[in-house]
1. Inside the stretch 40-86, can you point out the residues that are more than 18 Å from the chain's Cα centre (by Cα), modelled with pLDDT of 80 or more and not in a loop (DSSP other than H, G, I, E, B)?
2. Restricting to the stretch 185-199, count the residues that are surrounded by fewer than 16 Cβ atoms within 10 Å (Cβ to Cβ), modelled with pLDDT of 85 or more and touching a Lys or Arg at 6+ places or on another chain (Cβ under 9 Å).
3. Go through the stretch 113-141 residue by residue and tally those that are within 25 Å of Arg169 (Cβ to Cβ) and open to solvent by 40 Å² or more (accessible area, probe 1.4 Å).
4. Which of the residues spanning the stretch 152-171 are under 16 Å from Ile187 (Cα atoms) and open to solvent by 20 Å² or more (accessible area, probe 1.4 Å)?
5. Any residue that is closer than 22 Å to Asp135 by Cβ and buried (at least 17 other Cβ atoms within 10 Å of the Cβ) - is there at least one of those in the stretch 48-65?
6. What number of residues within the stretch 128-145 are assigned to a loop (DSSP other than H, G, I, E, B) and in contact (Cβ under 8 Å) with a residue 24 or more places away in the chain?
7. Provide a single number: the residues in the stretch 146-183 that are assigned to a loop (DSSP other than H, G, I, E, B), in contact with a strand residue (DSSP E or B) (Cβ under 7 Å, 6 or more places away or on another chain) and not aliphatic (A, V, I, L, M).
8. Would you mind telling me which numbered condition in (1) closer than 13 Å to Ala75 by Cβ; (2) touching a Gly at 6+ places or on another chain (Cβ under 6 Å); (3) not aliphatic (A, V, I, L, M) Pro140 fails?
Amino acid sequence: MSPHFSRLLFSVVLAPTLLFAIESSAQTKYVVRGSASCRACTLELRRELTIGGDHGPAALGGVADVFTLPDGGYAVTDCGAPETDAIFSKTWSFVRSVGRAGRGPGEFRYALFARPRGGGLIVFDPAARRAVVFDEQFAPRRTIALPGELMGAPVVLGDAHIALNSIVRTQERIGLLVHIVDTSGRIVRSIAPSAGCIRFDVPGETYYRSLAETPRGSFWVA
């Protein structure tokens, strides 16, 4: 993904049979019509691995987020222990906890989302409105102030920018929920709804858009 976001690709799903994909450079809109072609398809579920346990430091209460780390291990955020992240090895054994309760460096009020960044980890804390970057040894190196109220899972882009759902309560950004921020938390770009799209800023209501990264460093907005 280039610094100028010239090839940023968005998708807004407005109905089950109507898909809009918008490329930011030309604002070209492609409409794909039709129904699913495989009505007899099924999903088969099978157990691949189990991480965590019932007792001790590896015990998990309510898993909020699981992400694969660059070394093949796993980072797990746990609603039952919201001040820390659990790190598991690629052989699924418990390695350590990252973070602790508090408001200082490397401390959290609610460590809800974890993502790999370089050889380390970035953990998002919506309650404190910030993200903490950890190095390869899981030592805190940087704190990023988030621009507003974080909603939904963020996406760490290939150029070190972050795409996130966030309510930024300023007049010029009312109704714009998707923002791209840099490593200091400064908003680089806010994404406007497409023409004719509902603005998700109804008073008293909470909406957010799902984000998903692509292999080429852009991301989808649904």
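The values are calculated or read from the model by the stated rules, or taken from the named source; none is laboratory data. Quantities reported herein were computed from a predicted structural model and do not represent experimental measurements. Ideal geometry is used to build each Cβ from the backbone, glycine not excepted, and the neighbour counts take in all protein chains shown. Note: accessible area is taken over every heavy atom of the protein model, side chains too, but ligands, DNA and RNA are not part of it. Shrake-Rupley method; radii C 1.70, N 1.55, O 1.52, S 1.80 Å.
1. Ala59, the sole residue that qualifies.
2. 1
3. Of the residues in that region, 2 qualify.
4. Hits for the stretch 152-171 are Val156, Asp159, Ala160, His161, Ile167, Arg169, Thr170, Gln171.
5. yes
6. 3
7. Within the stretch 146-183, residues that are assigned to a loop (DSSP other than H, G, I, E, B), in contact with a strand residue (DSSP E or B) (Cβ under 7 Å, 6 or more places away or on another chain) and not aliphatic (A, V, I, L, M) number 5.
8. Evaluating Pro140 over (1) closer than 13 Å to Ala75 by Cβ; (2) touching a Gly at 6+ places or on another chain (Cβ under 6 Å); (3) not aliphatic (A, V, I, L, M) leaves (1) as the failure.
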